[in-house]
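Enquirer: Can you keep this structure in mind? I'll have questions shortly.
The values are calculated or read from the model by the stated rules, or taken from the named source; none is laboratory data. Just so it is clear, the structure is predicted and the values come from calculations on it, not from any experiment. Glycine also receives a Cβ, built like all others from the backbone with ideal geometry; neighbour counts cover every protein chain displayed.
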Amino acid sequence: MKQKQKPTLAFWQIWNLSFGFLGIQIGYSLQSSQTSRILAALGADPHQLPLFWIMAPLAGLIVQPVIGMSSDRTWTRLGRRIPFILGGAIVSAIAMFFMPNSEFITRYLPAEEIQLFGTMVTWALVFGAAMLLFMDCAFNVSMQPFRSLVGDMVNNRQRNQGYSVQSFLTNLGAVTGSLLPFVLAYAGMRNAPVDGEKVAPSVIWSFYTGGALLLLTVIWTCIRVKEYPPEEFAEYNDMEAKPAEKKDSFFSILKNMPGTMYQLAIVQFFSWFALFLMWVYAIGGIAENIWNSTDPLSKAYNDAGDWNGVLSGAYAVFAVVFAVFMARIADKLGRKKVYSFALLMGAAGLISMYFITDQYLLILSMSGVGIAWSGILAMPYAILSGVLPAKRMGLFMGLFNATITIPQITASLVGGLMFKYIAGGSSIMMLVVAGVSMLLAAVSVAFVRDRNVEIQPEYIK
């Protein structure tokens, strides 16, 4: 059969493809910026935090390939990817309601503590960690099909634009989610717990608000996007309308993965290792360096937690701005140069936090982190989607998620040791370690082959 070209989509059609990612990222940014704060308030110490965080990337490592393979083979009235996007969003919103309320939900258990990681911890902490697991599983169920949806729907000419718009909306969501606790506290809601409480009301209501926005934006995408039916999709991708009966083994699929995928995996390892350390230790580092506090129940520490939300919002703002121009710059200079530059800026931003003792100057550090975040969310997928077979786009995108989860799992396992032996028990030094890892990621981009770079000039306007 002769392969047809996918139609050129209007801007708002591309926008609607990823609009639900706005809500997913609101929830994800709340998880990233506030989880350590919640778990610390529930009783986790800095040495334990990486171990609690390990559950989230483990979930992604298992869930995304399964969801990717399943969505590749799914054809329903709702579409191919949308059933998974909607289901994941619903579960995410439920978990976002329960996690900050862990202390209240576990009050009626017969025992207050349980032994975990060799120490006694509260049931509230265990329940909070379990909600983190469910939340991240659900986020992964939605996020993987969103990335595949763009690859399914846009043509080669619009690929940079499609993933740049997704990056823009992702970072706009990150701005919203990160600033929610600070905004609610500024509006008069308490940002520190009182006697009998562990989690601040501003954090609890941020999760309520984020969950509601997540559902609304995802529902918008589900209503406004009509995926290509099987026959039309097959014509656009030169394949059979129905999936082939023959099923290749998992190891056969791994053996036939594009080399570009392995090359990008190295970059992804160092960049996501850095991001994970930042998420885990940012609040502690800011509290230590700016507020001179290490007590998670103190007002100073909670002020640092609110300011970390502001900084997360700040780097998301810079990411949004960079995403606006990223596609055009990538068309002219190449995706690799843009990707490497973004990661270099992230390394500079993370390392600079060690030398800054003024909370407002940290916004400058966040400019670099934001540029890196924008590049990380767009460039690997723009490079990768051009070399993946359409009939297995979801599966390979799901497998590629291992390049996000494995570095986080690694950081979870070695983070406590690094905190003790490399950082000397200093959270701010862990941000320097993260910066060095981001620098290694920038260098690794040089070894990535962007196979579609030769066809880009014909698309430059």
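Enquirer: Please identify the pairs in which a residue from segment 43-66 that is of a type in the set (D, E, K, R) and surrounded by fewer than 19 Cβ atoms within 10 Å (Cβ to Cβ) has its Cβ atom under 9 Å from the Cβ atom of a residue that is modelled with pLDDT under 70 and assigned to a helix (DSSP H, G or I), counting only partners at least 6 apart or on another chain.
Expert: none
Enquirer: For residues in segment 265-294 being among the polar types (S, T, N, Q) and assigned to a helix (DSSP H, G or I), which is farthest from Ser312 (Cα to Cα)? Break it down stepwise before answering.
Expert: In the first step, residues of segment 265-294 are kept if they are among the polar types (S, T, N, Q); the result is 268, 271, 289, 292-294.
Adding the requirement that they be assigned to a helix (DSSP H, G or I) leaves 268, 271, 289.
On the way: Gln268: 20, Ser271: 17, Asn289: 17 Å.
For segment 265-294, the residue satisfying everything is Gln268.
Enquirer: When you check Ile455 against the structure, is it among the aliphatic types (A, V, I, L, M), crowded, with 21+ Cβ neighbours inside 10 Å and modelled with pLDDT under 85, yes or no? First the steps, then the outcome.
Expert: Numbers: among the aliphatic types (A, V, I, L, M): yes; crowded, with 21+ Cβ neighbours inside 10 Å: no; modelled with pLDDT under 85: yes.
The answer is no for Ile455.
Enquirer: Being at pLDDT below 85, under 18 Å from Ala441 (Cβ atoms) and part of a helix (DSSP H, G or I) narrows it down to one of Ile351, Ile383, so name that one. Can you show your working first?
Expert: Values: Ile351 fails: at pLDDT below 85.
Going through Ile351, Ile383 in turn, the sole match is Ile383.
Enquirer: Being of a type in the set (Ser, Thr, Tyr) and either buried (at least 19 other Cβ atoms within 10 Å of the Cβ) or touching a strand residue (DSSP E or B) at 6+ places or on another chain (Cβ under 6 Å) (or both) is the filter; apply it to segment 190-208 and report the residue that is farthest from Arg80 (Cα to Cα). Let's see the steps before the verdict.
Expert: Of segment 190-208, the ones of a type in the set (Ser, Thr, Tyr) are 202, 206, 208.
From what's left, either buried (at least 19 other Cβ atoms within 10 Å of the Cβ) or touching a strand residue (DSSP E or B) at 6+ places or on another chain (Cβ under 6 Å) (or both): 202, 206.
Numbers: Ser202: 38, Ser206: 32 Å.
Here the residue is Ser202.
Conditions (1) at pLDDT 85 or above; (2) within 21 Å of the chain's Cα centre (by Cα); (3) surrounded by 15 or more Cβ atoms within 10 Å (Cβ to Cβ), marked per residue:
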{"site": "Ala241", "(1), (2), (3)": "no, no, no"}
{"site": "Ala244", "(1), (2), (3)": "no, no, no"}
{"site": "Leu264", "(1), (2), (3)": "yes, yes, yes"}
{"site": "Leu277", "(1), (2), (3)": "yes, yes, yes"}
{"site": "Gly284", "(1), (2), (3)": "yes, yes, yes"}
{"site": "Glu288", "(1), (2), (3)": "yes, no, yes"}
{"site": "Tyr301", "(1), (2), (3)": "no, no, yes"}
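Enquirer: Quick one: which residue in Ser293, Ser312, Ser271 is modelled with pLDDT under 80 and out of contact with any strand residue (DSSP E or B) (no Cβ under 9 Å at 6 or more places or on another chain)?
Expert: Numbers: Ser293 fails: modelled with pLDDT under 80; Ser271 fails: modelled with pLDDT under 80.
Exactly one residue qualifies, and that residue is Ser312.
Enquirer: Shifting gears a bit: Report yes if some residue within segment 158-167 is over 20 Å from the mean Cα position of the chain (by Cα), assigned to a helix (DSSP H, G or I) and among the polar types (S, T, N, Q); otherwise report no.
Expert: yes
Enquirer: Would you pick out the residues in segment 190-229 that are within 15 Å of Thr176 (Cα to Cα) and free of Cβ contacts under 8 Å to residues at least 60 places away in the same chain?
Expert: Trp205, Thr209
Enquirer: Lys337 fails exactly one of the following numbered conditions: (1) more than 21 Å from the chain's Cα centre (by Cα); (2) surrounded by 18 or more Cβ atoms within 10 Å (Cβ to Cβ). What is the number of that condition?
Expert: So Lys337 meets the others, but not (2).
Enquirer: Please go through segment 390-425 and pick out each residue that is under 17 Å from Ser70 (Cβ atoms) and either modelled with pLDDT of 85 or more or not in a helix (DSSP H, G or I) (or both). Talk me through it step by step, then tell me what you get.
Expert: Pass one, segment 390-425, residues under 17 Å from Ser70 (Cβ atoms): 390-402.
Once the filter is applied, which keeps residues that are under 17 Å from Ser70 (Cβ atoms) and either modelled with pLDDT of 85 or more or not in a helix (DSSP H, G or I) (or both), segment 390-425 yields only Asn401.
Enquirer: Shifting gears a bit: Answer with yes or no whether Lys332 is closer than 30 Å to Val445 by Cβ, free of Cβ contacts under 8 Å to residues at least 24 places away in the same chain and charged (D, E, K, R). Before you say what the answer is, go through the steps one by one.
Expert: Working: closer than 30 Å to Val445 by Cβ: yes; free of Cβ contacts under 8 Å to residues at least 24 places away in the same chain: no; charged (D, E, K, R): yes.
When the stated conditions are applied, Lys332 does not pass them.
Enquirer: Okay, next question. Please find, within segment 184-198, the residue that is modelled with the highest pLDDT out of those that are touching a helix residue (DSSP H, G or I) at 6+ places or on another chain (Cβ under 7 Å) and in a helix (DSSP H, G or I).
Expert: The extreme case among them is Leu184.
Enquirer: Of all residues in segment 348-386, which are within 16 Å of Gly285 (Cβ to Cβ) and either small (Gly, Ala, Ser) or under 16 Å from the mean Cα position of the chain (by Cα) (or both)?
Expert: Within segment 348-386, Gly349, Ser352, Ser365, Gly368, Val369 meet the criteria.
Enquirer: Quick test of your reading of the structure: Tyr360 fulfils all but one of (1) in a helix (DSSP H, G or I); (2) modelled with pLDDT of 85 or more. Name the failing condition by number.
Expert: Single failed check for Tyr360: (1).
Enquirer: Which members of segment 163-189 meet the condition of being buried (at least 24 other Cβ atoms within 10 Å of the Cβ) and farther than 22 Å from Leu215 by Cα?
Expert: Passing the criteria: only Ser164.
Enquirer: Okay, next question. Restricting attention to segment 102-132, report how many residues are crowded, with 18+ Cβ neighbours inside 10 Å and modelled with pLDDT of 70 or more. So that I can check it myself, show each step before the final result.
Expert: In the first step, residues of segment 102-132 are kept if they are crowded, with 18+ Cβ neighbours inside 10 Å; the result is 102-103, 106, 121-129, 131-132.
From what is left, the residues that are modelled with pLDDT of 70 or more are 102-103, 122-129, 131-132.
Going through segment 102-132 one residue at a time, the tally reaches 12.
Enquirer: How many residues are under 24 Å from Ala40 (Cβ atoms), assigned to a helix (DSSP H, G or I) and not small (Gly, Ala, Ser) when one looks only at segment 199-223? Show your work before the answer.
Expert: From segment 199-223, those under 24 Å from Ala40 (Cβ atoms) are 199-211; that's our starting set.
Filter again for assigned to a helix (DSSP H, G or I), leaving 201-211.
Restricting the remaining residues to those that are not small (Gly, Ala, Ser) gives 201, 203-205, 207-209.
Residues meeting the conditions: 7.
Enquirer: Take the conditions at pLDDT 80 or above, among the hydrophobic types (A, V, I, L, M, F, W, C) and part of a loop (DSSP other than H, G, I, E, B) and apply them to Met135. Does it pass?
Expert: Values: at pLDDT 80 or above: yes; among the hydrophobic types (A, V, I, L, M, F, W, C): yes; part of a loop (DSSP other than H, G, I, E, B): no.
No.
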